[in-house]
Every structure is written in structure tokens, then in C-alpha cells.
Amino acid sequence: MAWSAAFSVLAALLFAAAAALQYRAARRAVGEGKGRVPAARLIGALLRDPVWLAGWGSNLAGFMSQAAALHFGSTALVQPLLVTQLVFTILLGAAVLGRRPARGDLVGGIAVTAGLAVLFTVPGAIPSQGEPSRPRLILAGLVAVPFVLALSRAANIRRGTVRAVLLGICSGLMFAATAVLIKLTTADLVERGVAATALDWPGYALAGSTLLGLVLEQKAFAAGSLPAAMTAMTMTNPVASYVLAVFAFHTEPPHSLSAFAAVALSAVLLTAGVTVLSHSQSAPGRADEPAAT
């Protein structure tokens, strides 16, 4: 568990650096537009931007750290810890802007820390690691795909905050799927070797979910409302990962009153903390957001 937690926190730090770089690149790519740049055109512009490429490198290192964390622990343990990404994002933003974290930033950070402390200290709140059930994972995918498509279509006819929230939820779901597929692919590589992994479907599904999540994330950033996008994205990921861990990994869900209470209290604290931190003036791009939107 200790190794899993350590790699999770490292991944959160790397993802925070990537988010700061990629947000600025995405907003620069749409310029003075309204965040409705076609996906192909947006990605084409980002691939020529050295700032975005640096963010991509940090993202890649974050994925490797996340893969190591998922190898040592369950998605229900790793993904909630990735919420600390937003805390690191605020700290990096404050450092870049030469500011001290504001009082609201401290309150948000304390709420996130308290939420994670409750989740990890109450016995039974986090389901133990179990073996994956591939039929259940496929069923979850068949349910999630039309849901993501419906939200994406709804986002195409919306603007501003609503568009950012819908796209943030979609990208959060894709990142949760990516976490599960990273775990399956890593297990294939370690236990069965490269040749067997190349013949198995999780690796190809991982490539698809990662690419789709990347596109949705950039479109959420480009929608113009960073707090809305970050809150939706940051909270959807651990919630979906927790549900998947219980549903598809042969683990026991929380069954005691104290465990249920811990999960509920943790969700409230994490949501409150993420919401406060997402509105921080030290978040990436907040200084230039009014002009960009």
C-alpha cells in the first residue's frame, strides 16, 4: 500500500505540471474564439506547440507513475489520491505567479487532505484489491460509451460553464477507464509477457481511452471555464474508479455503517475542497481567463 500511495502522489504532481502547461497551450490554440474549435484542428495546433509538448511529456511520466501505483494497489486506492493533483496545481500556479497561497487555497487543501484521511483511515472504506472480472468490465464499458457520447453531443450545443462541466465529466470517465485498463495491461506485461499482451484487447482499449480522454480534456480546457472543467474532471475520475473497483474487481463493497459514513463524508470533503481550489486565482490560466473567454 505504501508504494502504491507514493507512486500515486508522484503521478498527481506530474499530472499537475501537465495540466498547467496544457491549459495554457489549449487556451492559446483557440485564441479569442469561443472554445468551439474542431477537435482535429485543436489537436493539430497543440502538437506544434512546445509548451503543450512539454505538458505531454509530464503527462507521460505521470501515466508511468500511475501504472506503477496501480500495479501495487487497487483503483479505489490510487484514483482518490490523484485528487491531490489539484493541490499541486495550485501550489505550482502560486509559485509561477510569485504569490503565496490564499486563505481559500489553504481551506481547500485542508478539506482535500481531511477527505483522504477519512477515506484511508476508516477500516472497510476502501475495498481491498481483487482480481478483475473481464465480463463485468465489458458490461461497464457498454454502459459508459453511450453515456459519454450523449454528454459529448450535449456539450456541442452548449457554451461556457455548462460545456466545460459536460466535457469534464466525459474526460473524467475516460481517465477512470484508462486507470482500469492500465492495471489490466500492466498485469498482462508482468505476468504474460509482451507477445501475449499484444494479442490481448486491454492494450488497444487503453490506447483508445487515453486518446479520447486527451481530446476531451483539451476541449474542456478550451471551453473557457477552468474551475468548472477541473472540478467535474477531478471528481468524476475517483468516483467512477471507486464504483468500478467495487463492481468489476471481485471486491467487497463497504458493508459497515462506519465505512459507508466514511465514504460519504470523504466525498463531501473532497468535493468541497476541489470546488474551492478550482476557483483559486493561482490555478493555471486564471490570471488570463477573462481575456481568453
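The values are calculated or read from the model by the stated rules, or taken from the named source; none is laboratory data. All values reported here derive from a predicted model rather than from experimental measurement. All Cβ positions, glycine included, derive from the backbone under ideal geometry; neighbour counts span all protein chains shown.
As for the range 249-257, it holds no residue that is part of a helix (DSSP H, G or I) and either of a type in the set (Gly, Ala, Ser) or under 23 Å from Leu42 (Cβ atoms) (or both). Can you work out which of the residues in the range 246-262 that are surrounded by fewer than 21 Cβ atoms within 10 Å (Cβ to Cβ) and under 26 Å from Thr178 (Cα atoms) is modelled with the highest pLDDT? Residue satisfying both the conditions and the ranking: Phe247. Inspect the range 42-51 for any residue being touching a Phe, Trp or Tyr at 6+ places or on another chain (Cβ under 7 Å) and modelled with pLDDT under 85 and give the result as yes or no. The answer is yes; a qualifying residue exists. Only helices (runs of 4 or more DSSP H) whose full extent lies in the range 140-245 are considered here, and the ones with at least 2 residues that are buried (at least 18 other Cβ atoms within 10 Å of the Cβ) are 160-192, 201-222. The set of residues in the range 265-286 that are assigned to a helix (DSSP H, G or I), at pLDDT below 90 and either farther than 30 Å from Ala94 by Cβ or over 19 Å from the mean Cα position of the chain (by Cα) (or both) contains only Arg286. In the range 71-90, the residues that are more than 25 Å from Tyr23 (Cβ to Cβ) and modelled with pLDDT of 85 or more never reach a residue that is outside any helix (DSSP H, G or I) and not aliphatic (A, V, I, L, M) with C-beta atoms less than 6 angstrom apart, at least six apart or across chains.
Checking Lys183 against (1) more than 29 Å from Ser266 (Cβ to Cβ); (2) touching a residue at least 24 places away in the same chain (Cβ under 8 Å); (3) of a type in the set (Lys, Arg), only one condition comes out false. Which one? Only one criterion is unmet by Lys183, namely (1). For Gly93, the conditions (1) touching a Leu at 6+ places or on another chain (Cβ under 8 Å); (2) among the small types (Gly, Ala, Ser); (3) buried (at least 21 other Cβ atoms within 10 Å of the Cβ) are fulfilled apart from (1). If you go through the range 50-70 and pick out every residue that is free of Cβ contacts under 8 Å to residues at least 60 places away in the same chain and within 25 Å of Ala114 (Cα to Cα), you end up with 2.
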